[in-house]
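One structure is given here, and the rest of the page talks about it.
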Amino acid sequence: MASDQLQVLNALDVAKTQWYHFTAIIIAGMGFFTDAYDLFCISLVTKLLGRIYYHVEGSRKPGTLPPNVAAAVNGVAFCGTIVGQLFFGWLGDKLGRKKVYGMTLMVMVTCSVASGLSFGHEPKAVMSTLCFFRFWLGFGIGGDYPLSATIMSEYANKKTRGAFIAAVFAMQGFGIMAGGIFAIIISSVFEAKFPAPAYADDALGSTVSQADFVWRIILMVGAIPAAMTYYSRSKMPETARYTALVAKDVKQAASDMSRVLQVQIETEQQEVETKEFSYAVPGYWFTVAFIDVIGRFTIQIMGFFFMMVFMFALAIPYNHWTHKENRIGFVIMYSLTFFFANFGPNATTFIVPAEIFPARFRSTCHGISAASGKVGAIVRAFGFLYLSQSPDKDKTDAGYPPGIGVRNSLIVLGVVNFLGFLFTFLVPEAKGKSLEEMSGENEDNDNNIRTGFSHHIKGELTDTTRADLARVSAATFFKRGMKTKEIDEREWLNMLMSWRIPSRPVTEVFPVRLSVRLLQSEKQTKSLKPA
């Protein structure tokens, strides 16, 4: 069984990049496109919600959401996301990735539509139902984080695994950008269709009744890409790593992978054949391009370092940046922090948890890691909304208490980035390594091989032990042993030949490539004799 598992996993690790890999990126990536659209589009409509539902007669300014309502509307989806990440991450390890993957999409589709259909016309009723459905929308979105990362990591080969996972995550940038573009388009259409006077000319008439449809349409459109992806997700097979390592069904794992990837895996004999947004979006794709070149650790530590530098560069001379002639420089500097966030920890903290945990816990642990990140998003949504207010109570936004100001808030962010920089030194590097190497799931097989080598030296091998060790060793220790010079190659080849059963040809015991190498060596030296 161990050797069969290794064969399936080895086939996945060395499989060439194929069309199905890109199909999986699109299927998983469209979920992330939807996640980003749904999570961030709410910030585009909060001002409109304030004008529609919180207009104050006689006020010199348009209505705004009260602080507690604004915090709830902006942050409640993040609360749901944390719960969803933990719950669906756990469920993905219990029931399998495929079964749970479709559930998250259905929750997202249902709650996206329901958010736009929030009941009533009174502010309290609309905001209450909006927050209710936004929580459950976040719950579905939360499930997409651990499942998408885990599925992509388990499908990918080890050479390009980081780039594939990063490409899924990079779809988030397009989702954010699509939300902004669609909001501009729909607002322009309604403005052209239903013109309104300026607020100074007619406070009440400046917000036409049809404006209530704008925010509802923007929220409901998020259901479309999720619904379009559901059928494709339902047709994806369970990942071979889950089926082989958790469900313990190696034959089914081999069958599933042979159906979608050009790999031929026979489980009974060891034969494997492998036939701000403008700055944020480039950051994602820089990660895709370089993560399997310079590694996860380098990208994350570089990202935290430059984010820290830019935050302090904005905070320390903050008064300089407030002058009108310097505002473009401020925008560029602040945008670069987004670039290095996405060409940095925003991407790597999504990728690394999908690579370093064992298969039986992978989805759960990724959910915990992702939920930890969303705690930071909640602190931002709830905390910095208040913290960044001016210390002078006469200069705060309506309804907000005094805070520490933007300058000090930027300093706090710089300190947080410095802490992230330090903690990065604890992150293991997964570049070029298989998932089983990172999680330690190969250790038992390595121990078996070393034990077999010891028995070989002592002359204690039986025919059964020979066959078992030959299959296992060919899949693991042979490759790593040669690279690390743990064993002399000729001695290793002699030992492998002595392990095979005399009545069976070499090609029935070893993989094709290794069999050829053994036979060539035997022919050249005439020193390797069958046992």
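Brief remarks follow.
- Tail fraction, Cα-Cα pairs, region 274-376, threshold 23 Å, whole percent: 40
- Prolate/oblate/rounded call for region 110-220, Cα gyration tensor, a/c under 1.5 rounded: oblate
- Each pair of Cα atoms in region 51-116 enters the Kirkwood radius, and Stokes-Einstein at 20 °C and 1.002 mPa s then converts it into a translational diffusion coefficient of 145 µm²/s.
- Take the Cα radius of gyration of region 349-406 and divide it by 2.2 N^0.38 Å, N being the number of residues; the result is 1.77.
- Computed label-point distance, nm, for sites V56 and M106 using a 7 Å Cα→Cβ extension: 4.7
- Computed E for I186/F22 - FRET, C-beta separation, R0 30 angstrom, nearest 0.05: 0.45
- For region 161-255, Kirkwood radius (reciprocal of mean inverse C-alpha pair distance, Å): 17.7
- Accessible area expressed per residue, region 52-184, with surrounding protein chains retained (probe 1.4 Å, Å²): 36
- Too-long pairs where the Cα-Cα distance tops 20 Å, listed order kept, from K159/K248; K94/K248; K124/K393: K159/K248; K124/K393
- Rounded D (µm²/s) - region 319-430, Kirkwood Rh over Cα pairs, Stokes-Einstein at 4 °C, 1.567 mPa s: 78
- Packing here is the average count of other Cβ atoms within 10 Å per residue, and on that basis the peptides 322-328, 413-419, 199-205, highest first, run 413-419, 199-205, 322-328.
- Scalar couplings 3J(HN,Hα) for region 190-204, obtained by applying the Karplus form with A = 6.51, B = -1.76, C = 1.60 to θ = phi - 60°, are 5, 5, 5, 7, 10, x, 9, x, 5, 4, 5, 7, 8, 4, 6 Hz; x denotes Gly and Pro.
- Qualifying trypsin sites (Lys or Arg not before Pro) in region 25-84, where qualification requires a DSSP coil assignment and no more than 14 other C-beta atoms within 10 Å, comprise R60.
- Residue-wise HN-Hα coupling along region 350-366, computed from phi with Karplus coefficients 6.51, -1.76, 1.60 (Hz; x: Gly, Pro): 8, 7, 4, x, 7, 10, 9, 9, x, 4, 6, 10, 4, 5, 4, 5, 5
- Computed with a 1.4 Å probe over protein heavy atoms only, the accessible area of T424 comes to about 0 Å².
- For T64, the solvent-accessible surface computed with a 1.4 Å probe is close to 80 Å², ligands and nucleic acids excluded.
The values are calculated or read from the model by the stated rules, or taken from the named source; none is laboratory data. Since we're looking at a predicted model, the values are computed, not measured. Positions of Cβ are generated from backbone atoms using ideal geometry, with glycine treated the same way; all protein chains shown enter the neighbour counts. Just the protein is used for accessible areas: all its heavy atoms, side chains included, with ligands, DNA and RNA removed. Shrake-Rupley method; radii C 1.70, N 1.55, O 1.52, S 1.80 Å.
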